[in-house]
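What follows is a set of notes on a single structure, which appears directly below.
The values are calculated or read from the model by the stated rules, or taken from the named source; none is laboratory data. Everything numeric in this text was worked out from a predicted model, so none of it was measured. A quick note on method: Cβ atoms are made from the backbone with ideal geometry, for glycine too, and the neighbour counts reach across all protein chains shown. Remember, those area values only see protein heavy atoms, side chains included, never the ligands or the DNA or RNA. Shrake-Rupley method; radii C 1.70, N 1.55, O 1.52, S 1.80 Å.
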Amino acid sequence: MTLMVVAFPSAMSAQLKEFSLEDLNFGGTNYHNMIPKNMYLAWWGDQLMELDAEEIMTIDAKSGKKQTIVSIDDINKALGVDESGEAKLIHSLMSAKFPYSEQPLVLVGNSKQRMLYNWQEKKIVWQQDRKGETHSDWNAASRAVAFVKDNQLFVTDTDNKTRKLTTDGSREIVYGQSVHRDEFGIHKGTFWSNDGQKLAFYRMDQSMVTDYPQVNTFTRIAEYEPDKYPMAGMTSHKVTVGVYDLKTDQTVYLKAGDPTDRYFTNIAWSPDSRLIYMIELNRDQTDFQLNTYDAATGEKIATLYKEHHDKYVHPVTPVTFLPWDNTKFILQSEKDGYNHLYLFNTKGEQLKQLTSGQWVVLDIIGFNESKKNVIIKSTESSPLQNNIYSVSISNGKRTLLDNGRGVHAAYSYSPILSASGKMLFDHYSEPSVPRNIDIINTTTAKRREIFSAADPWQGYNVPKYQSGSIKAADGKTDLYYRIVYPVNFDNQKKYPTVVYVYGGPGTRNVEARWHWASRSWETYMAQKGYLLFILDNRGSSDRGRDFEQATFRNLGVEEMKDQMKGVEYLKTLKCVDQERLGVHGWSYGGFMTTSLMTTYPDVFKVGVAGGPVINWEWYEVMYGERYMDTPQANPEGYKNSNLINKAKNLKGKLQIITGMNDPVVVPQHCLQFLNACTEAGTQPDFFVYPGEGHNMMGHKSVHLHERITQYFEDYLK
């Protein structure tokens, strides 16, 4: 067991303020004052820009000097009034974009229009209507926008001519939106070609998918508002990919064959906008193919690459072309056990493996074209960190660009790299650093701090946060944990202890960011005298394929073994009261909480399970079958993980909480567990939030976390 850096309170606690959930919870009234301050940045070419609600400033990367170039008053003055005499106001510049590196144009908008404002000429140079748009996708090259309205897909061109691309859209025929339930890295449903003249889009036919009977209780008589929900082993939807040509006003569909029980993912365009690259999986998710299609005819051109794994493959990123060579692209794959980069040519020949090692490439940030390097984010420095590296395409040499500590490129989903790729801005934090921003030269690896947030918790009674590692139940794998000690900690006392758990794939709870990535509710509990323990078991993310696949076909089994190793460690700490152990988690963590309470009923006295999966047969197709196969193919695994069968084991106090209209873990899970408990004579508690989904939104989150807290106060303390 190893210990890592510890963060301590900065002053004597007797003189310090106490937190409330209004301070700590994201739905709280004072939360915005209790998070680290930030700078909102963007690039205009290689010029760094700062965005504020009312103005936009240039920042000199060397001196840090700022100069205002655009104000919201300037733009609103240029806008004037519409036909009705109402002012066409822009209300904030926080989402402004700079789509053209060589032109002084800023893209802004409101609910009615988007526009380009020339800040040198101080005038609006282009406008486009946007009334009623949803799922909008604007292209800088053509200035056309694709959007969904009333279930149909539309395109409005640069001259404000709107074309309706579909007529049969409905809740059953879905166009231009994310498909496959947001799995495989899919987060949208439209994909513009590089020249902006062609639009690839998803069409999802879910007419054959069973309706799940959600109910709206906010009307005088409750109304039926069903969701389409394909459960594991049941009939799933069918997806096809259309391509609309702006010049010909024609649509073709890719001739990918029968879409039944197949997943079409990770769509990318060739640099010349002629071909579409798409990764296609079988329903079992054991095989994927990278295929190319002619965007003009829809004809399949070639299969460039195939990959198989007996358990599952999980592609989540499209291919990425080298900006200086249209004949080469990068494919990301876990085929050597860790997600790494592979260089291919357009013939489908693997030229080289660009990265390797027992660590994970998390993201391609972009390229430094002059140096012919790819800029990545990875866990090479530590499994608890995200760091930025430059990788030479020619020889694979990696150069660390950041300070080597903490979690970097926190906003890599936005363009943090300048147009040339020579500069980037890096938001990062460390266990004792709330938020810093550096400007990094990707050629020289020199960096300069331009922002450092003050500790917003200065003056409050802050607990101690600690991270360390233990061995997994396999006796060899390192698992990382976080401990949050009670405020005013006294090692001679024994404290009630709560294990916070998630444990599922796709999430890493313990990271080398501020306070070791501690959730603010943990601080609230520490203030009330609890010790909190969080462990990332095998099956969680960013540790490689085998680490994640350790739970394959038997969800909950290995995870619980590892969590109990954490409990064994807790029992070595004399400050932990072994008679007062609790557990709490949400979603997959709700499944783990209920599993632990019913598998080890003599260990955990109190649990709170939020939105728990109870029976994986009732979970959705893509996620559920990846990790469990189908109920037909894996009946034993589904039986062993079915918590209905363990309802009779419950001894301690267990509160189950759910959103009444949860579309992710549908309410059937909670309700059937309650029914099993009534039949077995066990006594859980239950609370439901009407109208809420998988997570409580807004101020209801404050109510939720006070309820969770109170349950432990009532029964564990």
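Could you look at the stretch 46-123 and say what percent of its accessible area is carbon and sulfur, using a 1.4 Å probe and all protein chains? Numbers along the way, then the final one.
On the way: 1920 of 4280 Å².
Carbon and sulfur together cover 45 percent of it.
Hey, can you find the accessible area per residue of the chain for me, probe 1.4 Å, expressed in square angstrom?
Accessible area per residue, the chain: 41 Å².
So for ILE276, ILE364, what's the accessible-area order with a 1.4 Å probe, most first? Walk me through the numbers before you get to the answer.
On the way: ILE276 0, ILE364 25 Å².
Ranking ILE276, ILE364 by accessible area, largest first, yields ILE364, ILE276.
Quick one: helix 700-715 against the long Cα principal axis of the chain, what's the angle to the nearest 10°, folded into 0 to 90?
Around 20 degrees separate the two axes.
Among the listed pairs LYS311/LYS377; LYS66/LYS112; LYS306/LYS328; LYS464/LYS651; LYS464/LYS493; LYS228/LYS300, which are separated by more than 21 Å between their Cα atoms? Please list the in-between numbers first.
Details: LYS311/LYS377 27 Å; LYS66/LYS112 32 Å; LYS306/LYS328 17 Å; LYS464/LYS651 32 Å; LYS464/LYS493 16 Å; LYS228/LYS300 31 Å.
Flagged as over cut-off: LYS311/LYS377; LYS66/LYS112; LYS464/LYS651; LYS228/LYS300.
Count the net charge of all other residues whose Cβ sits under 9 Å from the Cβ of ARG283, scoring Lys and Arg as +1 and Asp and Glu as -1.
-2
Mind scanning LYS347/LYS371; LYS198/LYS397; LYS37/LYS397 and naming the pairs with a C-alpha gap bigger than 31 Å?
As for pairs spanning more than 31 Å Cα to Cα, those are LYS198/LYS397; LYS37/LYS397.
Which net charge results when you count Lys and Arg as +1 and Asp and Glu as -1 among the other residues whose beta-carbon is under 12 Å from that of PRO635?
My count for the surroundings of PRO635 gives -1.
Name the lysines eligible as straight-distance cross-link partners of LYS476: C-alpha to C-alpha under 16 Å, and not fewer than 8 places from it in the same chain.
Correct list for LYS476: LYS561, LYS565.
Under 17 Å Cα-Cα from LYS571, which aspartates and glutamates qualify once same-chain neighbours fewer than 8 residues away are excluded?
ASP490, ASP562, GLU579, ASP602
Using only the alpha carbons, work out the radius of gyration and Dmax of the chain in angstrom.
Taking only Cα atoms of the chain, I get Rg and Dmax of 26.5, 78 Å.
Would you check the accessible area of TRP43, probe 1.4 Å, heavy atoms only, in square angstrom rounded to 10?
Spelled out: TRP43, probe radius 1.4 Å, area about 30 Å².
Scan the stretch 139-244 for trypsin sites (Lys or Arg not before Pro) in coil per DSSP, keeping those whose Cβ has at most 14 other Cβ atoms within 10 Å, and list them by number. Let's see the in-between values first.
Details: sites: ARG143, LYS149, LYS161, ARG163, LYS164, ARG171, ARG181, LYS188, LYS198, ARG203, ARG220, LYS228, LYS238; in loops: ARG143, LYS161, ARG171, LYS188, ARG220.
Answer by residue number: LYS161, ARG171, ARG220.
Given the Cα atoms of the stretch 611-717, and with Rh set as the inverse mean 1/r over their pairs in the Kirkwood sense, what is Rg to Rh to two decimals?
Details: Rg = 15.1 Å, Rh = 15.1 Å.
Radius of gyration relative to Kirkwood radius: 1.00.
What's the Kirkwood radius of the stretch 89-155 in Å, using all Cα pairs?
Evaluated on the stretch 89-155, it is 12.7 Å.
Could you work out the local net charge near ALA453, counting Lys and Arg as +1, Asp and Glu as -1, over the other residues with Cβ closer than 15 Å to its Cβ?
Overall, the nearby charge balance is -3.
As a test of the formula, what do you get for the chain when each DSSP H run with n ≥ 4 contributes -39,500 (n - 2.57) and the sum is divided by the residue count, at 222 nm and rounded to the nearest 500 deg cm²/dmol? List each step's numbers first, then the result.
On the way: 10 runs with 95 residues, N = 717.
The helix-only estimate for the chain comes to -4000 deg cm²/dmol at 222 nm.
For the stretch 130-179, treating each Cα as an identical point scatterer without solvent, what Debye log10 I(q)/I(0) comes out at q = 0.12, 0.25, 0.28 1/Å?
The computed values of log10 I(q)/I(0) come out as -0.24, -0.92, -1.08.
Filter the GluC sites (Glu not before Pro) in the stretch 16-115 down to the DSSP loop ones having no more than 11 other Cβ atoms within 10 Å, then list what survives.
For GluC sites (Glu not before Pro) across the stretch 16-115 that sit outside H, G, I, E and B with at most 11 neighbouring Cβ atoms in 10 Å, the list reads GLU83, GLU86, GLU102.
Quick one: accessible surface of TRP192, probe radius 1.4 Å, all protein chains present, in square angstrom to the nearest 10.
Accessible area, nearest 10 Å²: 30 Å².
Going through the stretch 409-515, which trypsin sites (Lys or Arg not before Pro) have at most 16 other Cβ atoms within 10 Å and a DSSP loop state?
Qualifying residues, ordered by number: LYS446, LYS464, LYS476, LYS493, LYS494.
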